[in-house]
Amino acid sequence: MTESLRPILAILVSTVAIPVILSLKRRPNVREGVTLTVAFAKFAIIASMVPGVLSGTQYEFVLGQFATGIELAFSVDPLGLLFGLLASLLWIVTSFYSIGYMRGLDEHAQTRYFASFAASLASAVGVAFASNLLTLFVCYELLTVSTYPLVTHDETDEARAAGRKYLAYTFGGGVAVLGGTVLVFVLAGTTAFTPGGLEGLATADPTLARAAFALLAAGFGVKAALMPMHSWLPDAMVAPTPVSGLLHAVAVVKSGVFGIARVVLDVYGPVTMEQLGVALPLAAIAAFTLLTASIIALRQDNLKRRLAYSTISQLSYIVLGLALLKEDALTGGLLHIPAHAFMKLTLFFCAGAIHVETHTDDISDMAGIGKRMPLTMAAFAVAAAGMAGIPLVAGFVSKWYLVIGALSLESGGLVFAAALLVSGVLNIAYFWPIVYQAYFESSEGHDEKPLIEGPFGGRSELRADGGDSDEIHAASDEGEVPDPQHVDHLGKHDEEHEHHGGPPAGGWDDRGWRGGESTWFMLGPILTAATLSLLLGTVPYTAVFLRIVDTIVSNLPEVMA
C-alpha cells in the first residue's frame with residue numbers, strides 16, 4: 001500500500017471545477033474549455049497510476065475516520081482502476097459530444113448541465129476508488145444526487161416524474177446497501193475490501209451472511225437495473241442523449257455492477273459465495289433479466305428506449321459472469337464493463353445525432369436514413385455488431401469468455417451458455433432491422449417490420465419520446481395534443497423547425513461520406529467511441545483493459561478455473 005495524493009486528486013479535480021463552471025454562465029466558450037481541461041486532467045491523473053497498479057502497487061489516501069474502525073479512505077486497486085479509467089476516458093469523449101449536442105438543440109440551462117456532469121464524474125470516481133463499503137455507500141448516494149439534475153434537465157412534468165422515480169429507486173437501493181454494510185461490519189468487524197473476501201464472513205452465521213449479501217446485491221442491483229428493479233432506466237431516457245450515453249451506459253449503471261463486483265470479489269469472495277449458496281440465485285436473476293429485457297427491446301419503436309432495454313440486458317451479462325465464479329466467466333464479465341461502455345456510448349451518440357439533425361426518434365421513420373447520415377449509421381452498425389457478439393468488435397471478446405466460463409460449470413452451465421447465445425440472437429433481431437432499413441431501404445418504399453407494426457409490437461400510439469397511449473389520452477382531454485412526429489426527444493413541441501421527424505418531403509438528402517451530415521463536435525466522439533470498440537475487439541491487451549481484468553482475476557485466491 002502506497003500513500004499518494006493521486007486518488008483524492010482524481011476526485012477533487014472535477015469537484016473544484018463545479019463552482020468555476022457555474023461562474024462562467026455568460027462565457028460559454030470558456031466554460032466548455034474548463035470542462036475539457038478538467039476532463040483531460042482527470043484522465044491523466046488516473047492513467048498515471050496504470051503502470052504502478054499493473055505491477056502490484058496500490059495507491060491510498062485516508063481522509064479520516066467515520067467511526068471506530070471505519071476510515072473515509074480511497075485506494076486504487078486493479079478493480080477500481082478499471083472503472084475509474086473507463087469513466088474518465090469517456091468523460092472526455094462525452095464532453096466534446098455534449099458541446100455539439102447542447103448547442104445544436106440550443107438547450108437551456110447548459111451551465112447547470114456541465115456543472116452536474118462534473119459532480120457526477122467526481123462521485124463516480126469516488127465510487128471506483130472507495131476502499132471500503134461505507135465510503136462506497138457515501139459516493140454511491142452522492143452519484144444519485146449529482147445525476148438527478150441531469151435526469152430532470154428538461155423540467156417538464158414527464159422529466160420530473162422520471163426524476164422522482166429515479167430517486168425513489170436509487171435511494172431505496174442505497175438504504176439496502178447501508179443495511180448490508182452494517183450487517184457485514186457486525187459479522188466481520190470490518191468493511192474494507194480484500195481480494196478473495198473477508199475472513200469473518202466465511203465463519204459468520206450463514207443466515208445473517210446471506211441476508212447481508214441479499215441486501216447488498218439488491219441495493220447495487222437497482223442501479224445495475226436487474227429485474228424487477230429496472231423500470232427507472234427506460235423512463236430516465238427523457239434526459240439529453242449525452243446523459244443517457246455516459247451516465248446510463250457508463251457511470252450510473254456501471255456503479256451498480258461495480259458495486260456487485262466489489263461484493264462478489266472483495267467482500268464475500270468466490271469461495272464464501274459458493275459455501276453460502278448465493279451465487280446460483282444471482283446468476284439465475286441475471287440470466288432471466290438478460291433474456292427478458294432483450295425480448296422487450298424487440299417491441300420498442302423509440303430508438304432510445306430500445307437502447308435502454310438493451311442496456312438492461314447487457315448489464316446482466318456482467319452480473320452473470322461475476323455470479324458464475326469461474327475464471328473465464330469473471331474475465332468476460334469484467335471485460336464487458338468497458339466493452340459495453342464503448343459500444344453503448346456509440347449507439348446513444350448515434351441516436352442523439354439523428355435527433356439533432358433530423359428530429360427523428362422512431363425506428364420506423366428511419367428507412368433510408370443511411371443516405372442522410374452515412375458515417376453515423378456506419379458507427380451504429382459497428383457497435384450493434386459488437387453488442388450481438390460479432391468478431392472484431394469488443395463484445396465478441398467478452399462474450400467469448402462468458403460462454404466458455406459458463407460451459408466449464410459442472411452443473412447448469414449449458415443453461416447459462418444457452419441463455420447467452422439466445423440473447424445474442426435477440427440482439428441481432430432488434431439491431432439488424434435498424435441497420436438494414438437505414439442502408440438498404442428507402443423512405444418511399446420499405447416493408448413493414450412485423451415485430452413493430454403488429455398488434456404486439458408496441459408501435460400503436462407511441463409518442464416520439466417513448467411515452468405511452470395513456471399519457472396521450474390524458475392530454476387529449478385537456479386540449480389539442482401535438483402530433484407525435486412534432487415532438488422532440490423530451491416530448492416538447494418543436495415550433496422552430498419545419499421538419500419534425502422522419503424523412504422530409506422528397507426523401508432524405510444525400511450528404512456523402514465526408515462528414516456533412518453533422519458537426520464534428522458530434523461526429524468526432526461517435527467515431528472515437530466506435531474505434532475504441534474495434535480496438536478492444538482486435539487488440540484487447542494493447543487497449544490495456546484486458547490486462548487490468550487479468551490482474552484483477554489473478555489476484556483472487558482460489559478462483560475456480
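The values are calculated or read from the model by the stated rules, or taken from the named source; none is laboratory data. Quantities reported herein were computed from a predicted structural model and do not represent experimental measurements. Note that we place each Cβ from the backbone using ideal geometry, even for glycine, and neighbour counts take in every protein chain shown. Calculation scope for accessible area: heavy atoms of the full protein, side chains included, ligands and nucleic acids excluded. Shrake-Rupley method; radii C 1.70, N 1.55, O 1.52, S 1.80 Å.
Values as computed for the structure displayed
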read-out: Test for A279: is it among the small types (G, A, S) and free of Cβ contacts under 8 Å to residues at least 60 places away in the same chain; value: yes
read-out: Single residue of V271, V263 found to be under 30 Å from R210 (Cβ atoms) and buried (at least 24 other Cβ atoms within 10 Å of the Cβ); value: V263
read-out: Unique residue being closer than 20 Å to L532 by Cβ and either of a type in the set (A, V, I, L, M, F, W, C) or out of contact with any Gly (no Cβ under 6 Å at 6 or more places or on another chain) (or both) when the list is S55, S123, S95, S116; value: S95
read-out: Test: residue in segment 551-558 that is free of Cβ contacts under 8 Å to residues at least 60 places away in the same chain and closer than 21 Å to T358 by Cα; value: no
read-out: Residue match in segment 77-88 (condition: hydrophobic (A, V, I, L, M, F, W, C) and in contact with a Leu (Cβ under 6 Å, 6 or more places away or on another chain)); value: no
read-out: Condition met for L121 (out of contact with any strand residue (DSSP E or B) (no Cβ under 6 Å at 6 or more places or on another chain), modelled with pLDDT of 90 or more and buried (at least 24 other Cβ atoms within 10 Å of the Cβ)); value: yes
read-out: Residues satisfying the stated conditions in segment 131-143, i.e. touching a helix residue (DSSP H, G or I) at 6+ places or on another chain (Cβ under 7 Å) and in contact (Cβ under 8 Å) with a residue 60 or more places away in the chain; value: L133, L134, L136, Y140, L143
read-out: Residues within segment 64-93 that are touching a strand residue (DSSP E or B) at 6+ places or on another chain (Cβ under 8 Å) and among the small types (G, A, S), tallied; value: 5
read-out: Flag for Y97 being among the hydroxyl-bearing types (S, T, Y), assigned to a helix (DSSP H, G or I), buried (at least 22 other Cβ atoms within 10 Å of the Cβ) and at pLDDT below 90; value: no
read-out: Elements of type helices (runs of 4 or more DSSP H) contained in segment 191-300, each with 3 or more residues being within 19 Å of the chain's Cα centre (by Cα), within 30 Å of R112 (Cα to Cα) and at pLDDT 90 or above; value: 206-223, 252-262
read-out: Test for F66: is it in a strand (DSSP E or B) and either of a type in the set (D, E) or in contact with a helix residue (DSSP H, G or I) (Cβ under 7 Å, 6 or more places away or on another chain) (or both); value: yes
read-out: Extreme residue, nearest to G52 (Cα to Cα), among residues of segment 4-35 that are polar (S, T, N, Q) and under 28 Å from the mean Cα position of the chain (by Cα); value: S14
read-out: Test: T2 is within 24 Å of T551 (Cα to Cα), open to solvent by 20 Å² or more (accessible area, probe 1.4 Å) and of a type outside the set (A, V, I, L, M, F, W, C); value: yes
read-out: Selection within segment 283-330 - more than 24 Å from L216 (Cβ to Cβ) and open to solvent by less than 20 Å² (accessible area, probe 1.4 Å); value: S294, A297, D301, N302, L303, K304, R306, L307, A308, S310
read-out: Subset of segment 82-140 (residues that are touching a Phe, Trp or Tyr at 6+ places or on another chain (Cβ under 9 Å) and among the aromatic types (F, W, Y)); value: F83, W91, F96, Y97, Y101, F117, F129, Y140
read-out: Residue match in segment 360-377 (condition: at pLDDT below 90, part of a helix (DSSP H, G or I), out of contact with any Leu (no Cβ under 6 Å at 6 or more places or on another chain) and polar (S, T, N, Q)); value: yes
read-out: Residue check, A394 out of contact with any strand residue (DSSP E or B) (no Cβ under 6 Å at 6 or more places or on another chain) and modelled with pLDDT under 95; value: yes
read-out: Test result for F83, within 28 Å of F114 (Cα to Cα), outside any helix (DSSP H, G or I) and not hydroxyl-bearing (S, T, Y); value: no
read-out: Search result, residues across segment 223-260 that are open to solvent by 10 Å² or more (accessible area, probe 1.4 Å) and within 17 Å of F288 (Cβ to Cβ); value: M227, P228, M229, H230, S231
read-out: Segment 41-68, residues that are hydrophobic (A, V, I, L, M, F, W, C), exposed (fewer than 15 other Cβ atoms within 10 Å of the Cβ) and within 28 Å of the chain's Cα centre (by Cα); value: A44
read-out: Verdict on K399 being of a type in the set (D, E, K, R) and within 22 Å of the chain's Cα centre (by Cα); value: yes
read-out: Matching residues, segment 355-406, being closer than 21 Å to S442 by Cα and among the charged types (D, E, K, R); value: E357, D361, D362, D365, K371, R372
read-out: Selected residue [under 23 Å from A236 (Cβ atoms), within 23 Å of the chain's Cα centre (by Cα), open to solvent by less than 10 Å² (accessible area, probe 1.4 Å) and not small (G, A, S)] from T144, T152; value: T144
read-out: Selection from segment 4-63 of residues that are within 18 Å of W91 (Cβ to Cβ), basic (K, R) and either in contact with a strand residue (DSSP E or B) (Cβ under 7 Å, 6 or more places away or on another chain) or not in a helix (DSSP H, G or I) (or both); value: R6
